[in-house]
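First the structure, in the form of structure tokens, and then the observations on it.
Just so it is clear, none of the values below were taken in a lab; they were calculated from the coordinates. Bear in mind the structure is a predicted one, so any value in this text is a computation, not a measurement. Quick reminder, even Gly has a Cβ in these numbers, built from the backbone with ideal geometry, and neighbours come from all protein chains shown.
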Number of protein chains: 2
Amino acid sequence: MDPRIREHAETIVDHSLGLSAGDDLVIRLPAAAEELAVALHELAGDRGANPVYLNNSDRARRAYLRAREDDFETADHHHALNEEADAFVIARGGPNATEMEDVPPETTAAFNRANKPIQDARLDSDWCLTQFPTPGQAQLAGMSTDAYENFVYDAVSIDWEEQHEFQAQMVEIVDDAQEVRIRSGEETDVRMSVAGNTTLNDDGQANLPGGEVFTAPVRHSVEGTVHFDMPLYRQGREIEDVRLRFENGRVESFSAARNEDVLAGVFDTDENARYLGELGIGMNRAIDRFTYNMLFDEKMGDTVHMAVGSAYPATVGEENECNESAEHVDMIVDMSEDSVIEVDGEVVQRDGEFVFE
Amino acid sequence: MDPRIREHAETIVDHSLGLSAGDDLVIRLPAAAEELAVALHELAGDRGANPVYLNNSDRARRAYLRAREDDFETADHHHALNEEADAFVIARGGPNATEMEDVPPETTAAFNRANKPIQDARLDSDWCLTQFPTPGQAQLAGMSTDAYENFVYDAVSIDWEEQHEFQAQMVEIVDDAQEVRIRSGEETDVRMSVAGNTTLNDDGQANLPGGEVFTAPVRHSVEGTVHFDMPLYRQGREIEDVRLRFENGRVESFSAARNEDVLAGVFDTDENARYLGELGIGMNRAIDRFTYNMLFDEKMGDTVHMAVGSAYPATVGEENECNESAEHVDMIVDMSEDSVIEVDGEVVQRDGEFVFE
């Protein structure tokens, strides 16, 4: 076994989850990641935790979704599993990133609605979403498998304590702020209140790699337009050049240059999918290229991302409303050129460089 | 996809489980069986059932068991999953049949004890144990992969209605009987009461392939000696030439020519592992060779098997005691030569041939 797989598992178990004796652990990995599963089981045994091992298979999920189409229900047994579990590790890394390409967006939306209580039970626990490097993911990134493995293992194994300190500077700025404004190029100019909400320091726990600072916009405060100039993969389809116009926090109009119907499917899931649940600012300088994988792209040091759909409850202050939705779809703005992040009127990042760097 | 995989999935879903709308299904397969998983998910979607997909990985299990050693506990989340599930399909077919070879028997016994409530919850539901043909299993059988695939798909796709009728003749004989006596070669001569217990017709439901008639011996009635002349695989180790001597139903002495310590580990799991839970008579003529896989070997038309450990509750009459144990270990006697099955003093099979054949 590649020793980096065991190191990756140790980071998940000790840094991301803080697994301890008696914890009921769910390990949900694609079949290709069996060596990571072996390393995780070894550590679970050593720490006195109890693993259940799920297969995270896009191919099986696609077959199920297409055959069922729409009358989805919340699976009691899956819900019970997640309700009783204390910790989750979920890895991506299927053999084909476009496996879900022929699942109708409305089918995915219907499934997500039925599955929401199951997802919520997971989000209430300790969880870590990570990546196993596979040839399919390397292909998506336009990289050799070897180079992609290096990219992934470099990104997950940085000094997370140092990264935490670096990001703490930005947490302090946003956490005390009233308003954040993002300007980029000719089309993006959006303002949102973050007053009363909490800004969190993602140092590689819920996401591995981590490397962002994130909060929830106040629900009705978002005003302006955004051109998300980095593509995103949604259910095996690449959505390009998303443009959103917000009024009173709500997406009042949208377009995409490619796969606009998939984007429409997101907004059709529920009404709250039209509201922002998250504003995130990437700060991980170890991620030095786009790989068309949100888990990495959104952490890059010169991007911001906004997610339509559910907010993380921990980021929403007591006085504010938490946006609840079966969707949470991140989209990225490249901030490396002609771009500014302003907090309460002060520039904190210009063309991808923070003022404190 | 090999069309036989879809046919296999249909037999599981429609014949073995009788899956219906709203059923919560657990699919637990080795990674190599992903195509069977895809076919099962497709059918689950079509029938309106809700699947959870577990990875049945000996390699991960080995890592966990070796690292934890002994302080196992019943995992609440796994227990909750099984309690809420309506149906289970479990396939064997790992890449290496000896993967568990270096797990100490006492570790496996300790795990089985902690895991018993989880197993019991499954046994209370509809379940189907089946096989996916892999190169590793073919190697164990001493066959080419292609020939082994043919062997497996032939065995699971027989006319189960016809098989049911054939076996019904034997069910009628044993179900009305007081005593069964098995004699084979110079060493095997064992008697047991089956009075008041129920004989079941295994026509490919809980086991696929099926093809046996089975009941529970009355707990304290078993008397005599048995030489199990067919080897069995237990946790990746081949146990050869098991010899058991029963008095008042209890195994009072035992030996094995190879891996006797593994056999001792079974008896050390709990006191009831020393009592027989099952007597089975193989009747599937489509299985024409030993493949060192109990799921197939015990169904062969000229074998009987006895399992130490737990009895199936459905085979135990109201007046009789159901043997409960964390173990259920089947062992086989070859009845093809110099062998007789007698029921209440009447010969019903001689040298592997039933009187009604």
- Can you pull the mean other chain C-beta count within 10 Å for peptide A:349-356? 0
- Only Lys, Arg (+1) and Asp, Glu (-1) charged, at Cβ; segment B:41-101 dipole about Cα centre in debye: 320 debye
- Item | Exposure proxy ranking, count of Cβ atoms within 10 Å, fewest first, for A:LEU29, A:LEU232, B:LEU140 | B:LEU140, A:LEU232, A:LEU29
- With each run of n ≥ 4 DSSP H residues scored as -39500 (n - 2.57), what mean residue ellipticity at 222 nm is computed for chain B after dividing by its residue count and rounding to the nearest 500 deg cm²/dmol? -9500 deg cm²/dmol
- Using alpha carbon centers only, segment A:173-248 is separated from segment B:201-245 by a whole-angstrom value of 63 Å
- Query: Once you charge only the Cβ atoms, +1 for Lys and Arg and -1 for Asp and Glu, what is the size of the charge dipole of segment A:3-156 about its Cα centre, to the nearest 20 debye?
  - Reply: 320 debye
- At most 16 other Cβ atoms within 10 Å and a DSSP loop assignment: could you name the GluC sites (Glu not before Pro) in segment A:111-208 that fit? A:GLU186, A:GLU187
- Message: Give the average, rounded to an integer, of partner chain Cβ atoms located within 10 angstrom of each Cβ in B:32-45.
- Response: 5
- Note on the structure: From fewest to most C-beta neighbours within 10 Å, the residues B:MET1, B:MET283, B:MET294 line up as B:MET1, B:MET294, B:MET283
- Task: Quick one: work out the % antiparallel among DSSP beta bridges in the protein assembly as shown, nearest 5.
- Result: 75 percent
- Query: Given charges of +1 on the Cβ of Lys and Arg and -1 on the Cβ of Asp and Glu, with all other atoms neutral, how large is the dipole of chain A about its Cα centre, in debye to the nearest 20?
  - Reply: 1000 debye
- Please identify every one of the trypsin sites (Lys or Arg not before Pro) in segment B:281-357 that sits in a loop by DSSP and has no more than 14 other beta carbons within 10 Å of its own beta carbon. B:ARG289
- In chain A, which whole DSSP H runs stretch at least 30 Å along their own axis (Cα) and average -0.5 or higher on the Kyte-Doolittle scale? none
- Between rounded, prolate and oblate, where does segment B:29-186 land on the alpha carbon gyration tensor, with a ≥ b ≥ c its root eigenvalues, rounded for a/c under 1.5, else prolate if a/b exceeds b/c? rounded
- Whole-Hz couplings from phi, Karplus 6.51/-1.76/1.60, listed for segment A:26-32; x for Gly and Pro: 9, 10, 10, 10, x, 4, 5
- Task: Would you work out which of B:THR188, B:VAL174, B:VAL347 lies farthest towards the positive end of the dipole of segment B:160-354? Charges go on Cβ: Lys and Arg +1, Asp and Glu -1.
- Result: B:THR188
- Task: Note down the nm distance, to one decimal, between modelled labels 7 Å out along Cα→Cβ at A:SER253 and at A:GLU101.
- Result: 3.2 nm
- Note on the structure: Counting Lys and Arg as +1 and Asp and Glu as -1 over every other residue whose Cβ sits under 10 Å from the Cβ of B:PRO95, the net charge comes to -2
- Query: Can you run phi through the Karplus equation (6.51, -1.76, 1.60; θ = phi - 60°) for segment B:320-330 and list ³J(HN,Hα) in whole Hz, with x for Gly and Pro?
  - Reply: 9, 8, 8, 6, 10, 7, 7, 10, 7, 10, 7
- Message: For a quick check: sort B:ASP58, A:ASP70 by the number of other beta carbons within 10 angstrom, fewest at the front.
- Response: A:ASP70, B:ASP58
- Obtain the nm distance between the two label points defined at B:VAL347 and B:ALA168 by a simple spin-label model: each point lies 7 Å from its Cα along the Cα-to-C-beta direction. 2.8 nm
- Message: Just want the answer: with Cβ charges of +1 for Lys and Arg and -1 for Asp and Glu, which residue in A:LEU295, A:SER336, A:SER255 is farthest toward the dipole's positive end in segment A:213-339?
- Response: A:LEU295
- Note on the structure: Once Lys and Arg are counted +1 and Asp and Glu -1 for all other residues with Cβ under 12 Å from that of B:GLU162, the total becomes -3
- Note on the structure: With a ≥ b ≥ c from the Cα gyration tensor eigenvalues, square-rooted, and the rule rounded for a/c under 1.5, otherwise prolate when a/b > b/c and oblate otherwise, segment A:160-354 is rounded
- Message: Can you compute 3J(HN,Hα) from phi for each residue in segment A:288-303, using the Karplus curve 6.51 cos²θ - 1.76 cosθ + 1.60 with θ = phi - 60°, rounded to whole Hz and x for Gly and Pro?
- Response: 10, 7, 6, 10, 6, 9, 4, 4, 9, 4, 6, 8, 4, x, 10, 9
- Message: If R₀ is 56 angstrom, what is the calculated FRET efficiency for the pair B:GLU240 and A:GLN119, using the beta carbon separation as r and rounding to 0.05?
- Response: 0.65
- With a point put 7 Å past each Cα toward its Cβ, work out how far A:ASP261 is from A:VAL340 in nm, to one decimal. 4.2 nm
- Message: Using Cα-Cα distances under 8 Å and only pairs 6 or more residues apart, what relative contact order does chain A have, in percent?
- Response: 15 percent
- Note on the structure: PRE zone check, label point 7 Å out along Cα-to-Cβ of A:ARG289, amide N under 16 Å, scope segment A:153-168, hits A:153-156
- Shielding by partners, peptide B:16-22 (average Cβ within 10 angstrom, other chains): 1
- Query: For the charge dipole of the protein assembly as shown, defined by +1 on Lys and Arg C-beta atoms and -1 on Asp and Glu C-beta atoms about the Cα centroid, which residue among A:VAL316, A:LEU36, A:THR225 has the Cα displaced farthest towards the positive pole?
  - Reply: A:LEU36
- Between segment A:300-317 and segment A:20-82, what's the alpha-carbon centroid distance in Å? 25 Å
- Item | FRET efficiency estimate (nearest 0.05) - Cβ-Cβ, A:GLU7 to B:GLU271, R0 45 angstrom | 0.50
- Query: When chain A is treated as a GNM, springs tying every alpha-carbon pair under 10 Å, which of A:PRO231, A:PRO104, A:PRO217 comes out with the largest mean-square fluctuation?
  - Reply: A:PRO104
- Once the Cβ-Cβ distance between B:ALA67 and B:THR145 is put in as r, and R0 is 35 Å, what FRET efficiency do you end up with, to the nearest 0.05? 0.60
